[in-house]
Amino acid sequence: MRVNVVVNGEKRQADNVWEGESLLYVLRERLGLAGSKNACEQGECGSCTVYLDGVPVCSCLVAAGQAEGREVRTVEGLADGDKLDPIQESFVECGAVQCGFCTPGLLVTAHDLVARTTDPSDAEIREALAGNLCRCTGYEKILDAVRLAAARKENA
Amino acid sequence: MTRSAPARSPQDLAETVSGGIGASPLRPDGTLKVRGEFAYSSDLWHEDMLWGATLRSPHPHARIVRLDVSRALAQPGVHAVLTHEDVPGENIYGLKYQDTPALAEDRVRFQGEPVAILAADHPEIARQALKEIEVEYEVLEPITDPERAAHDSTLPKLHPDGNLVRYQRILKGDPDAAAEVVVSGVYEIGMQDQAFLGPESGLAVPDDDGGVDLYLATQWLHVDQRQTAKALGLPPEKVRLTLSGVGGAFGGREDLSMQIHSCLLALRTGRPVKMVYNREESFFGHVHRHPAKMYYEHGATKDGDLVYVRARMYFDGGAYASKTPVVVGNGTTLSVGPYNVPNAKIEGWGVYSNNPTCGAMRGLGAVQPTYAYESQMDKLAAALGMDPADLRIRNAMSEGSTNVTGQVVDFPAPVGELVQRLKDMPLPPERTGAVDIRDLPGGASNVTHGEGVVRGIGYGVTIKNISYAEGLDDYSTARVRLQVIGGEPVAMVHTAAAEVGQGLVTLQQQIARTELGVPRVTVHPADTSVGDAGSSSASRQTYITGGAVRNACRAVADAVYALAERRLARSAAGMSLAGGKVVAADGEVLTGLAELLGEEIVEETREYHHRKTYPLDPETGQGDAHVQYGFSAHRAVVDVDVELGLVKVVQLDCAQDVGKALNPDAVLGQIQGGSAQGLGLAVMEEIQVVDGKVRNPSFTDYLIPTVLDMPPMRIDVLERPDPHSPYGVRGVGEPPTISATPAIANAIRAATGLELPRVPIRPEHITGT
């Protein structure tokens with residue numbers, strides 16, 4: 001089948017999509033957007049999190065056909081050209097990136113949190129990020145990064 | 001399949017940041033990673049590539065009676081189906097012992113063992129075609145009890161020499177010494193998994209010269225190259241490996257996974273072949289941490305001085321040897337912990353079984369005994385009526401101590417101070433007033449008001465050997481080039497050392513900036529076109545590859561001084577490099593590097609070898625086996641709901657000596673991440689194996705800590721330089737993983753008064769149901 005999606009503001013089309021393919025597979029292997037990661041493909045780790053019509057979802061759990069005609073925003077669509085989004089900047093600055101495999105999914109989740117919440121409490125941050133596994137950092141610096149991005153947004 | 005984006009390949013890390021050693025500059029790969037543009041091994045793509053897939057044994061132990069691939073090969077879209085008969089070289093490999101078939105021949109020894117491989121146009125075609133491969137098995141009784149495997153010679157032999165991989169004994173002082181106070185226990189530790197997030201994956205591209213280029217995620221390019229080339233029947237120089245982005249490793253990428261398979265398929269089809277394991281296959285496709293059963297007895301004076309330790313420990317290596325010999329070596333030599341023990345009798349067995357193969361994982365061989373001896377230390381403290389922290393401080397080893405193998409510790413060993421510092425840290429406030437349900441054990445899933453919640457405090461202290469031991473000549477190679485680019489002096493560092501997330505790329509830049517006094521440093525992608533760097537394991541890369549980069553930089557600097565001597569007619573004595581300039585001994589700026597070098601390129605390649613170590617005496621286990629030790633200690637505060645069996649770690653504090661923190665932020669990152677893995681082993685992480693079969697190969701059922709499970713940490717980093725290591729560094733990566741587990745287990749015991757002789761501690765262990 002043919003799937004049409006608006007990805008990061010751009011109309012994209014994928015042909016010969018097998019009906020069992022996930023949105024994650026289409027993004028990674030057909031549209032060349034490998035930023036969203038394939039860590040568990042079961043919706044458990046959050047590494048493939050993307051915005052679908054503005055709502056963060058695990059793209060591995062979305063059938064490609066379900067995305068037909070909808071808007072997808074991936075980690076590649078967070079930066080404004082060369083200018084990183086504040087959440088990306090704070091992840092780099094705080095050392096929240098080690099191997100970085102979980103980073104794209106965490107960034108989308110954290111981006112959503114910071115966009116809809118001003119001054120999130122620690123409990124709110126932890127709850128929001130609970131669906132994103134990280135095996136390297138122990139999460140402490142990720143929490144620092146989210147706090148920093150939230151503070152910067154509040155002061156902006 | 002069409003794709004509009006260009007092929008991805010590993011990038012040069014040209015992003016330059018400032019900061020020499022002792023600073024915490026930003027990672028040069030950070031921006032790529034947050035933009036989603038960093039090419040991990042599963043992101044690689046090549047025009048015209050095929051997808052590889054692996055058929056694995058469903059049985060832990062079976063004879064292969066018949067294997068027919070013709071139906072699979074006839075499927076549309078399938079380009080090759082290969083078995084052991086298609087392996088052109090030697091169908092056997094292994095890190096320490098050559099005992100692992102690339103593809104099973106007449107027998108499978110674990111569930112998930114690779115039997116056949118194929119390549120197809122689409123991953124789903126590949127998966128479907130696997131079902132068309134016909135294998136007839138004669139199912140055999142699996143060997144699953146490691147203790148029995150060590151002693152029962154009537155069991156079937158899984159390998160020609162039997163089922164014992166290694167036995168090691170250590171005798172110190174009077175092995176039969178008696179003591180006034182004696183405590184004993186039997187401890188078990190479950191099978192932990194590295195659970196790195198980036199799946200095993202890579203892209204093999206055949207070359208016109210009959211060789212192959214493999215882009216992959218690994219921990220040690222050269223050892224993969226040697227093993228793969230041997231199976232392919234090619235000289236090593238025709239099997240070229242390049243590191244792609246690595247999504248975590250933790251020991252799980254030390255053994256081969258898809259390396260030989262992808263190259264075999266690429267060479268057979270003449271097309272690039274990509275292999276990516278899914279999560280379930282990843283659990284079958286890599287080795288795990290050795291589960292262990294350990295019998296311990298500690299004897300002490302009634303004042304609390306350790307008199308003896310006697311221990312017997314069994315490590316289950318599973319189907320193939322992998323790192324089992326090293327686990328036995330580390331396990332026995334580190335068996336009494338960072339304590340002064342005058343008398344000891346230690347025995348360790350590493351065995352083959354039909355359980356999943358076990359090999360390297362962070363804290364290799366030290367995790368198991370640390371859990372046991374730290375449990376014993378608490379038991380002993382209780383028997384003596386002593387404070388557990390004070391008992392540890394009283395017996396702590398220090399510089400000049402003699403360890404259990406008779407080796408004198410000739411470098412700082414501030415073990416007692418680590419414990420004292422933890423003891424002096426403030427405790428979290430007691431819970432008072434209204435209960436926020438999210439703060440209770442189990443969080444929102446706790447259905448009580450906290451009536452059954454009790455609090456406990458526990459300590460865990462560890463000693464871990466750094467780098468390779470027992471006589472291995474462990475080394476790394478670095479090539480450093482200095483040249484003028486765009487009017488500026490630029491240093492380029494090239495090693496084969498694997499960046500697996502730990503931050504080695506940052507550190508290589510820091511060292512070069514410090515040694516060469518130039519702000520601009522780039523890191524060349526790691527590949528096999530430069531000499532061996534050894535493995536990114538054993539907490540050794542900062543030490544060993546850091547040492548190699550330092551040595552190469554100093555050779556480059558010497559060449560620059562020689563050049564300056566010739567050009568400027570000045571003695572090179574006392575010259576140094578700073579701020580892109582050559583400076584004389586008296587501080588006079590002699591010349592800019594850019595002017596001095598002009599078109600000239602200075603390039604030097606150097607190795608770093610650590611101090612010589614020696615094998616253990618086979619009878620007594622005595623010997624100078626280790627280069628250096630890392631020490632860390634944790635204090636855990638836990639809340640336990642004794643009715644629901646739920647545990648919440650409220651706070652987890654760590655004190656660690658790192659010798660010299662070359663990058664303080666990266667050190668904290670290692671301690672925090674390592675502590676999380678130790679927490680996982682204490683309360684949730686286990687591959688559950690029943691009759692040799694894995695019950696939980698998914699992230700749904702194999703639980704790793706989330707952000708809700710990790711408590712706040714206070715971290716106290718000591719810097720007591722090791723006079724024998726580059727810059728005084730001490731390996732950092734492993735110790736925090738090791739000491740976190742017993743600290744949490746001890747805290748749960750302190751809260752509940754239960755014996756809890758096994759980790760992970762599950763709810764039913766607490767509720768007794």
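Take the conditions part of a strand (DSSP E or B) and within 23 Å of the chain's Cα centre (by Cα) and apply them to residue B:490. Does it pass?
Values: part of a strand (DSSP E or B): yes; within 23 Å of the chain's Cα centre (by Cα): no.
Judged against the criteria, residue B:490 is not a match.
Considering only residues of the stretch B:24-64 that are aliphatic (A, V, I, L, M) and part of a loop (DSSP other than H, G, I, E, B), which is most open to solvent (accessible area, probe 1.4 Å)?
Only one residue tops the list, namely B:26.
Could you check the stretch B:237-292 and list, in sequence order, the residues that are crowded, with 22+ Cβ neighbours inside 10 Å and of a type in the set (Asp, Glu)?
Residues satisfying the conditions are B:254, B:255.
Could you tell me whether residue B:392 is over 19 Å from the mean Cα position of the chain (by Cα), open to solvent by less than 10 Å² (accessible area, probe 1.4 Å) and among the basic types (Lys, Arg)?
yes
Among (1) open to solvent by 20 Å² or more (accessible area, probe 1.4 Å); (2) acidic (Asp, Glu); (3) within 10 Å of chain B (Cβ to nearest Cβ), where does residue A:80 come up short?
Residue A:80 satisfies all of (1) open to solvent by 20 Å² or more (accessible area, probe 1.4 Å); (2) acidic (Asp, Glu); (3) within 10 Å of chain B (Cβ to nearest Cβ) except (3).
Here are some conditions: (1) crowded, with 24+ Cβ neighbours inside 10 Å; (2) in a helix (DSSP H, G or I). Residue B:730 meets all but one. Which one does it not meet?
Failed condition: (2).
Hey, among B:561, B:614, which residue is farther than 15 Å from residue B:482 by Cα and among the aromatic types (Phe, Trp, Tyr)? Lay out the reasoning, then the answer.
Numbers: B:561 fails: farther than 15 Å from residue B:482 by Cα.
Being farther than 15 Å from residue B:482 by Cα and among the aromatic types (Phe, Trp, Tyr) holds for just one of B:561, B:614, which is B:614.
I'd like to know if the stretch B:13-23 contains one or more residues that are buried (at least 18 other Cβ atoms within 10 Å of the Cβ), assigned to a loop (DSSP other than H, G, I, E, B) and at pLDDT 95 or above.
No - not one qualifying residue is present in the stretch B:13-23.
Tell me which residues, restricted to the stretch B:438-473, are modelled with pLDDT under 90, open to solvent by less than 70 Å² (accessible area, probe 1.4 Å) and not in a loop (DSSP other than H, G, I, E, B).
Result: B:443, single match.
Checking residue B:570 against (1) open to solvent by 20 Å² or more (accessible area, probe 1.4 Å); (2) farther than 30 Å from residue B:359 by Cα; (3) at pLDDT 95 or above; (4) touching a strand residue (DSSP E or B) at 6+ places or on another chain (Cβ under 7 Å): exactly one of these is not met. Which one?
Of everything listed in (1) open to solvent by 20 Å² or more (accessible area, probe 1.4 Å); (2) farther than 30 Å from residue B:359 by Cα; (3) at pLDDT 95 or above; (4) touching a strand residue (DSSP E or B) at 6+ places or on another chain (Cβ under 7 Å), residue B:570 misses just condition (3).
Return the residues of the stretch B:386-414 that are among the small types (Gly, Ala, Ser) and over 20 Å from residue B:172 (Cβ atoms); say none if nothing qualifies.
B:389 - this is the single residue of the stretch B:386-414 that is among the small types (Gly, Ala, Ser) and over 20 Å from residue B:172 (Cβ atoms).
Only one of (1) at negative phi; (2) at pLDDT 95 or above fails for residue A:53. Which number is that?
Condition not satisfied by residue A:53: (1).
Kindly indicate whether residue B:747 is in contact (Cβ under 8 Å) with a residue 40 or more places away in the chain, crowded, with 24+ Cβ neighbours inside 10 Å and of a type in the set (Gly, Ala, Ser).
yes
Which residues, counting only those in the stretch B:192-220, are farther than 24 Å from residue B:119 by Cα and open to solvent by less than 10 Å² (accessible area, probe 1.4 Å)?
B:192, B:193, B:194, B:195, B:196, B:197, B:219
Do we have residue B:297 as open to solvent by 10 Å² or more (accessible area, probe 1.4 Å) and either over 22 Å from the mean Cα position of the chain (by Cα) or of a type in the set (Lys, Arg) (or both) here?
Answer is yes for this residue.
Could you go through the stretch B:602-621 and let me know if any residue there is in contact with a helix residue (DSSP H, G or I) (Cβ under 7 Å, 6 or more places away or on another chain) and open to solvent by 80 Å² or more (accessible area, probe 1.4 Å).
Yes; the residues of the stretch B:602-621 include at least one that is in contact with a helix residue (DSSP H, G or I) (Cβ under 7 Å, 6 or more places away or on another chain) and open to solvent by 80 Å² or more (accessible area, probe 1.4 Å).
Tell me which residues, restricted to the stretch A:121-144, are in a helix (DSSP H, G or I) and either more than 8 Å from every other protein chain (Cβ to nearest Cβ) or open to solvent by less than 30 Å² (accessible area, probe 1.4 Å) (or both).
Within the stretch A:121-144, the subset in a helix (DSSP H, G or I) is A:122-129, A:140-144.
Result: A:122, A:124, A:125, A:128, A:129, A:141, A:142, A:143, A:144.
If you check residue A:114 against the conditions, is it more than 10 Å from chain B (Cβ to nearest Cβ) and either of a type in the set (Gly, Ala, Ser) or part of a helix (DSSP H, G or I) (or both)?
Yes.
Just to be sure I understand the filter: pairs with C-beta atoms under 6 Å, separated by 6 or more residues or on different chains, first member in the stretch B:227-251 and within 14 Å of chain A (Cβ to nearest Cβ), second member of a type in the set (Lys, Arg). Which pairs pass?
B:248/A:135; B:250/B:362; B:251/B:362
Among the residues of the stretch B:18-36, write down those that are in contact (Cβ under 8 Å) with a residue 24 or more places away in the chain and either under 30 Å from residue B:120 (Cα atoms) or more than 10 Å from every other protein chain (Cβ to nearest Cβ) (or both).
B:18, B:19, B:20, B:21, B:22, B:23, B:25, B:28
Are any residues in the stretch B:759-769 surrounded by 18 or more Cβ atoms within 10 Å (Cβ to Cβ), under 27 Å from the mean Cα position of the chain (by Cα) and not aliphatic (A, V, I, L, M), and if so, which ones?
Within the stretch B:759-769, just B:760 meets the criteria.
Considering only residues that are within 26 Å of residue B:112 (Cβ to Cβ) and open to solvent by 10 Å² or more (accessible area, probe 1.4 Å), which ones fall in the stretch B:672-697?
B:684, B:686, B:688, B:689, B:690, B:691, B:693, B:694, B:695, B:697 - these are the residues of the stretch B:672-697 that are within 26 Å of residue B:112 (Cβ to Cβ) and open to solvent by 10 Å² or more (accessible area, probe 1.4 Å).
Filter the stretch B:662-675 down to the residues that are touching a Leu at 6+ places or on another chain (Cβ under 9 Å) and hydrophobic (A, V, I, L, M, F, W, C), then identify the one that is nearest to residue B:749 (Cα to Cα).
Across the stretch B:662-675, the extreme among qualifying residues is B:666.
Tally up the residues in the stretch B:630-669 that are open to solvent by 20 Å² or more (accessible area, probe 1.4 Å), assigned to a loop (DSSP other than H, G, I, E, B) and closer than 28 Å to residue B:378 by Cα, please.
3
Please count how many residues of the stretch A:83-102 are facing another protein chain (nearest Cβ under 7 Å), without any contact (Cβ under 8 Å) to a residue 24 or more places away in the chain and either over 16 Å from residue B:666 (Cβ atoms) or among the hydroxyl-bearing types (Ser, Thr, Tyr) (or both).
Selection size over the stretch A:83-102: 2.
Return the residues of the stretch A:40-55 that are crowded, with 24+ Cβ neighbours inside 10 Å and under 13 Å from the mean Cα position of the chain (by Cα); say none if nothing qualifies.
Across the stretch A:40-55, the qualifying residues are A:45, A:46, A:47, A:48, A:49, A:50.
Six or more apart or on different chains, Cβ atoms under 8 Å: show the pairs whose first residue is in the stretch B:161-172 and in contact (Cβ under 8 Å) with a residue 24 or more places away in the chain and of a type in the set (Ser, Thr, Tyr) and whose second is buried (at least 17 other Cβ atoms within 10 Å of the Cβ) and not in a strand (DSSP E or B).
Within 8 Å, the pairs are B:167/B:150; B:167/B:328.
The values are calculated or read from the model by the stated rules, or taken from the named source; none is laboratory data. Quick caveat: nothing in here was measured; it's all calculated off a predicted structure. Every residue, glycine among them, receives a Cβ derived from its backbone with ideal geometry; neighbour counts consider all protein chains shown. With ligands, DNA and RNA removed, areas are computed over all heavy atoms of the protein, side chains included. Shrake-Rupley method; radii C 1.70, N 1.55, O 1.52, S 1.80 Å.
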